[in-house]
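The values are calculated or read from the model by the stated rules, or taken from the named source; none is laboratory data. All values reported here derive from a predicted model rather than from experimental measurement. Don't worry about glycine lacking a Cβ; one is built from the backbone with ideal geometry, like all the others, and counts go over all protein chains shown.
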Amino acid sequence: MGSPNKTTVGAFVLGGFILLLSVIFFFGKFNIFSSPFRAAVVFQDSISGLSIGAPVTFRGVKVGSVQSISIKFDRKAHTAYIPVIVQLDPSKITVTGRDKDTENDSPIRFSRLIELGLRAQLNLQSFVTGQSQINLDFARDVAPVFHPNVTSLPEIPTEPSTFEQVTKQISQLPLQEISHNLVNSLHSIKSLADKLDTTLPDLLASFKGTSEEAHKALSKSETVMGDVSQKLDLTLVNLSRLAKNSDTQINARGAELHTLLVTSNQTIKDSQVVIKALQEISSPRSTIRMNLNAGINDLAATAASLRGFANEIERNPQLLLMGRRQ
C-alpha cells in the first residue's frame, strides 16, 4: 500500500509543477522568460495620488507599474527631487519594421525611444479616488531634461501634466488687473442699478402715458380711416356714374364731334397754307418780297425828290408862281 501512495503523491506533485509552469508561461506573472526593464522618472512637483503599484500606461495600455518612490534633496541647488522607479514589461511592446540585419528577438534600445520623444507624464487615474498614474507617450516638442546625480537607472524625461500646464497658464494671467477690473465692473453695475431705481419709475410712467396716447391716437385713426373709407366708396360711386354719363353724352353727340373734328382738320390745313405763304413772303428770294423792296425804294426816291422840292420852295416861294427858270 505504501508504494502506490508514493507514486500517486509523486504524480500529483509533478502534475502541480507542470500546471504551475503552464500558468507562468501563459500569463507571465513572474517574468521568467522575459526579464523586466527598470527605469526612473524624476519629478520635481507634487505627485499627489501616486503610490507604489500604480499603473504605468502607454496611451491607455498598461506596460508596467511603479516599484518605489523616494525623495532626494540637492543641498547645493536647494531643490527636492522625487525619483520614481518603474518596472516595464518588454513583452507588452512589439517593434515592427526592423532592418533585415537585425534579429527579431533583439532588445529594444531604450535610448532610441528617448530620442524619438518618449516622455512620462503624471495623470489623474480616477476623479473619485484621486489616484494617479504615469502615462508614457511621444512628445518631440518637449526638450528632455535628465538628472544624472539623482539616479543611476535609465531615465525617462518628464513633461508637465495637464494640471501643471493649466496652473502655469493661470499663474501667467494678470489676476490683480482682472480683479481690479472686476471690482470696477461691479461698482459700475451697482451705480447703474441705483440710477435705474431712481429713473425707472418715471420712465415707466412716461412709457405708460405714451402708450395710452398712442392707443388714443390709434383709436382716432381707426375712426378717421373709417370715414375716409366711406367717402372713398362714395367718390368711386360718383366717378362710376360720371363715366357712364360721359359715355352716354359722347354716344349722343358723336355726329357733332365728328363734324367738329373735320372742321378743325380743315382749319389746320388752311393755317398751314397761310404759314407757307408767309414763309414765302419772308424769304429773301421771294418775288413778292423783291417787288415790295422795289416799291419801297421807289417811294423812298419820290420822298427824297419831294423833300428837295419842298426845300427849294421854302427858300424861294415865288417858284410856285413863276416856276423854275430854264
*Does residue 68 fit the bill of being out of contact with any Pro (no Cβ under 8 Å at 6 or more places or on another chain), at pLDDT 85 or above and either surrounded by 10 or more Cβ atoms within 10 Å (Cβ to Cβ) or outside the structural domain of residue 125 (by TED's automatic domain parsing) (or both)?*
yes
*asked:* Against the definition (at pLDDT below 90 and within 50 Å of the chain's Cα centre (by Cα)), how does residue 48 come out, yes or no?
replied: yes
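Tell me the residue from 186, 175, 196 that is surrounded by 10 or more Cβ atoms within 10 Å (Cβ to Cβ) and either closer than 30 Å to residue 123 by Cβ or in contact with an Asp or Glu (Cβ under 9 Å, 6 or more places away or on another chain) (or both), please.
175
Among 235, 248, 223, which is the only one that is among the polar types (S, T, N, Q), modelled with pLDDT of 80 or more, over 30 Å from residue 76 (Cβ atoms) and not assigned by TED's automatic domain parsing to the domain that holds residue 79?
None of the others qualify; the one that does is 235.
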